[in-house]
Amino acid sequence: MEIILDVTDLHIEFHDHETPEVAVHDFDLMLGKGEIVGIVGESGSGKSMSALAIAGLLNRKTLTKSGRIMFDKHDLLTCDRKTLRSYQGDEISIIFQEPMTSLNPVKRIGWQVEESLRIHHPDIDKKIRKMKAIKMLKDVGLENAADVYNMYPHELSGGMRQRVMIAAAMIGEPKILIADEPTTALDVTVQAQIVDLLKKINREKGTSIIFISHDLSLVNQLCQRVIVMQKGNIVESGKTTDVFTRPRHTYTKKLIAAIPKIDLNGDGDMA
Amino acid sequence: MAKYVIKRNIKDNPYLVAGLVITGLVLLLTIVGVFWTPYEPTAMNASQKLKGISLSHPMGTDNMGRDVLSRVMYGSRITLLIAMGTVFIGATAGTVIGAVTGYFGGMMDEVVMRIIDALFAFPSILLALVIVSVFGTGWVQLLVSLGIAFVPSFARIVRGEVLRCKNMDYVANARLQGVSDLRMIFVHILPNIKGVMASAILIGFNNAVLAEAGLSYLGVGSQPPYASLGKMLSDAQQYMFTNPSYVLCPGIVIVLMVLGFSFLGEGISRWK
Amino acid sequence: MKYTLKKFVSMIVTLVVVSLCVFLAFNVLPGDPAVRMLGLEASPELIAQTREQMGLNDPFLVRYFRWFIAFVQGDFGTSYSYSVPVAGLVANKIPITLTMGLMAFVITVLISIPLGIVTAKYENGILDRIINVSNQIVMAIPPFFSGILITFVFGLILRIFTPGGFVSYTEDMGRFVRYLFFPSLAVALPKISMTVKMLRGSLIDEAAKDYTRTAYSRGNNTNGVLYRHVLKNAMIPVITFLGMALADMVAGSIVIEQVFSIPGISRILLTSISNRDYPVVEAIIMGIAVIVIVVNFLVDVIYRIVDPRIGIE
């Protein structure tokens, strides 16, 4: 399998307080073409930090990064901003946990979906761009795509907004899609639909996906490989089936034990 | 522990330090002026007209040979008192109106807030001019007019805060215990908005100083021979070229008065 | 459309409320207008006759509506002191004050928006710190005092304009506008500071929101995120503020006119206040009230264009 992303020894440190805080320690990830890799762990385990670093979105002054993130013969940690930006949204896309706040509230959906194209391929004709955007909105399962194109984020439900986010991320046909807890803020039924959509994208376009979640059952459904993180460290990684059936690390065992089983007594208490 | 925190914060908070120093100076000037001024503020001296800054007259003299420093010390007292009175009237009436309308809601709230909103959109200096034109000129009229003109802004702030607090758990709890409405407003809700009120009062105070100065400048405020700082500036303007210190000194004192309080406000907001 | 209609109705309601307040303030509170017009020595018969003529014996609401309708038709009554129609007294003065207010507004927008962007973009940089402190100082200077200082520096020392050399718009439009520049600047200064402070805070708040991260993830550079995403969001509270500032600046012009000896409505307003010439005061106040209320309506309409969330509960 062709390796398109190679992360080695990624180390992220915060300097907000007097003693530096290690958020990610010696993170390694090799992502193959067309592969779906899951990263699981509790909040604060460093999984989102790693994802943001790969997407080139960790640029606070109070933070230091070391290691290598190799993509297309460039180290995304050390390459100049212009090179990094040329990949962002075009080769590497990301969707976030909060579809409610991740879209710009005062811009139309169509404008936001087209944005990557406008930035990276300004030569594409306006009409073609619009056609592509509407097709993309259809592809992510928005039936009335032509109407949605002219709507504002507040007119859509959470699930629809996450579909819009996916459409905007996929419009440049990126090689890598990073999904940072994309289903956490959504209803259970909508969660399953989004996971199906990601599967479909991976199958039809061959996009590699890094799927970050604390929900092991979703990771199990979607990912071929999984990385388990705890307190900034990778504690276990391997094929999803192996890790889930024969967990070696106690933390992984605890996570698996914590997956809610279907409760037939039905207290109905989902909180 | 508390001492340590304050020490550290003051050092990192130049706004607070500057605010304390400037406000301290202005207050000192004013308070000393209550007991002692270098000259009688109204004493004229025909041989000392429009003198510049000198040892015997640190701020020079005016067109009637009166000592500007003494007049500034007196004038800042008038300005401060009018500003304090204005904020007192505005904050008290505004709090009552805002709290009652916000707490009870309903038709009365609709009507009162419609009027308050209309008045709020109306420039306060103009509102004060309207009231002055009905009641006549003079510093009492000015004080009342400015006070009324400041009611809408306080009423709006308090109403918003009361609406916010009204739906909080502790209010619901108190209600379950059978606390009366009045007690609820004044004992349970209002004490919780003191932070918001403190900054509103600081800002209101500054606006009052500026508005008083503006209105006195227009000649609707304090009457001669004693003058507020704004009135002094109005009298001094025509001597700008012959004796700049006569204009600059009262003006700078107004600026320092407002600046001191706004630095204090800024410093307090950066306290955390 | 429904939203605009709602705001329009609300504007009409506010106009009625304000006009009722003004009518009460000037026609009911100060006592009998007939006595005021004729003087205290007038005979009771004459007063009674005048009251009848002036329609003062009619019910309150009838008087109010008669006054309101006359006002809408441009009949503001007769000045007590000059015995001429008020409309003629104020007609050629309102454009002067209004021009000053509008110029101050334009100056505020043109200066404060770029400054606000710069301070937010280089947050805590040297320029930001300098502008922040200057803002505090400028806000502490009463506009008439900065007017006096401007007269002194630009008029008397640098001689860029001639204090007192006002030229009316009827004579020379260019020189009229040029003379009004410095007075308008004096009116605008504190508003510039407030707007910069507000825009800076608003931009910094918006820049911390999730959608800016999304914008960066699509390959936007800092300017792209700032101008294509953050600015429009950050302008929403600033627009409300600017709307109120415009009204304030029209009112503030009254004080500044005195500083620069501009024959706008200021002088006639102040004389009428001290003479208790209520029809004149009333007409000017209502005129400004109408401006304020219409501006607020326009702000609401612009708001709707900028923020699509408005009007949907």
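Bear in mind these aren't lab numbers, they're just calculated from the coordinates by the rules spelled out. All of these numbers come straight from a predicted model, not from anything done at the bench. Virtual Cβ from ideal backbone geometry, glycine too; neighbours counted across all protein chains shown.
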Worksheet, complete the sentence: Taking every C-alpha to C-alpha distance in region C:2-91 and binning by 5 Å from 0, the per-bin percentages run 3, 11, 17, 22, 19, 12, 7, 4, 3, 2, 1, 0
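In region B:149-242, which chymotrypsin sites (Phe, Trp or Tyr not before Pro) fall in coil by DSSP and have 16 or fewer other Cβ atoms within 10 Å?
Qualifying residues, ordered by number: B:226, B:241.
Hey, with R₀ at 22 Å, roughly what FRET efficiency would residue A:33 and residue A:249 work out to, going by the Cβ-Cβ distance, to 0.05? Mind showing how you got there, number by number?
Values: r = 29 Å, r/R0 = 1.30.
With a Förster radius of 22 Å, E is 0.15.
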Worksheet item: Sequence-distant or interchain residues sharing an amide H contact under 5 Å with residue A:36, placed H: which?
Response: A:209, A:224, A:225
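Beyond 21 Å between alpha-carbons counts as too far, so tell me which of A:126/A:205; A:107/A:127; A:61/C:232; A:82/A:231; A:65/A:175; A:126/A:199 fall in that bin.
Those over the limit are A:126/A:205; A:61/C:232; A:82/A:231; A:65/A:175; A:126/A:199.
For region A:99-173, state the semi-axes of the equivalent ellipsoid (square roots of 5 times the eigenvalues of the alpha-carbon gyration tensor), sorted largest first and rounded to whole angstrom.
Values: eigenvalues 69, 31, 23 Å².
Taking √(5λ) for each eigenvalue gives 19, 12, 11 Å, largest first.
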Response to the item:
Quick calc of log₁₀ I(q)/I(0), region A:143-271, Debye, one scatterer on every Cα, no solvent, q values 0.17, 0.22 1/Å, result -1.02, -1.37
Item to complete: Can you pull the one-decimal nm distance between simple spin-label points at residue C:75 and residue C:130, each 7 Å off the Cα toward Cβ?
Response: 6.1 nm
Practice prompt. Could you pull out which residues in region A:84-110 have an amide N less than 16 Å from a spot 7 Å beyond the Cα of residue A:130, following the Cα-Cβ vector?
Written response: A:108-110
Discussion item. If you fit an axis through the alpha-carbon atoms of helix C:173-207 and take the longest principal axis of the Cα set of chain C, what angle between them do you get, 0 to 90°, nearest 10?
Written reply: 50 degrees
Worksheet item: Counting pairs of alpha carbon atoms under 8 Å apart in space and at least six apart in sequence, what relative contact order in percent does region B:142-266 give?
Response: 22 percent
Worksheet entry | For the protein assembly as shown, with +1 on Lys and Arg beta carbons and -1 on Asp and Glu, the positive-most of C:153, C:251, C:4 along the dipole | C:153
Worksheet item: Which Rg and Dmax, in Å, describe the Cα atoms of region C:94-263?
Response: 18.4, 58
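As a check on your grasp of the helix formula, calculate [θ] at 222 nm for chain B: sum -39500 (n - 2.57) over DSSP H runs of n ≥ 4, divide by the residue count, round to the nearest 500. Walk me through the intermediate numbers first.
Working: 10 runs with 192 residues, N = 272.
Value at 222 nm, helices only, nearest 500: -24000 deg cm²/dmol.
Tell me, what is the Rg over Rh of the protein assembly as shown, with Rh the Kirkwood radius over Cα pairs? If you can, show how the numbers build up before the last one.
Working: Rg = 33.6 Å, Rh = 31.8 Å.
Result for the protein assembly as shown is an Rg/Rh of 1.06.
Between residue A:188 and residue A:144, what is 0.36 nm times their sequence separation minus the Cα-Cα distance? Round to one decimal in nm.
Numbers: separation 44, 0.36 × 44 = 15.84 nm, distance 2.30 nm.
Residue separation times 0.36 nm, minus the Cα-Cα distance, leaves 13.5 nm.
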Discussion item. In region C:1-43, whose amide N lies under 19 Å from the spot 7 Å out along Cα-to-Cβ of residue C:56? List them in ranges.
Written reply: C:22-43
Worksheet item: Over all Cα pairs of chain C, how is the pair count split among 10 Å bins, expressed in % and running from 0 up to the last occupied bin?
Response: 5, 21, 25, 23, 15, 7, 2, 1, 0
Practice prompt. Compute the acute angle (0 to 90°) between the alpha-carbon long axis of helix B:124-135 and the principal axis of greatest extent of the alpha-carbon atoms of chain B; round to the nearest 10°.
Written response: 80 degrees
Worksheet item: Excluding residue B:165 itself, what net charge comes from residues whose Cβ is under 13 Å from its Cβ, given Lys and Arg +1 and Asp and Glu -1?
Response: +3
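Chain B: percent of C-alpha pairs farther apart than 28 Å? Mind showing how you got there, number by number?
Working: 17385 of 36856 pairs.
That tail contains 47 percent of the Cα-Cα pairs.
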Worksheet, complete the sentence: With R₀ set to 41 angstrom, the calculated FRET efficiency between the beta-carbons of residue C:35 and residue C:154, to the nearest 0.05, is 0.25
Worksheet, complete the sentence: Computed, not fitted: 222 nm per-residue ellipticity of chain C from DSSP H runs ≥ 4 (each -39500 (n - 2.57)), nearest 500, equal to -23500 deg cm²/dmol
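Rounded to the nearest 20 debye, what is the charge dipole size of chain C about its Cα centre when +1 sits on each Lys and Arg Cβ and -1 on each Asp and Glu Cβ? Let's see the in-between values first.
Numbers: 25 positive and 20 negative charges, 242 e Å.
For chain C, the charge dipole is close to 1160 debye.
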Response to the item:
Over its alpha-carbon atoms, region B:225-272 yields an Rg and a Dmax in Å of 14.7, 49
Worksheet item: In what order do C:200, B:270 fall by count of nearby beta-carbon atoms within 10 Å, going from fewest to most?
Response: B:270, C:200
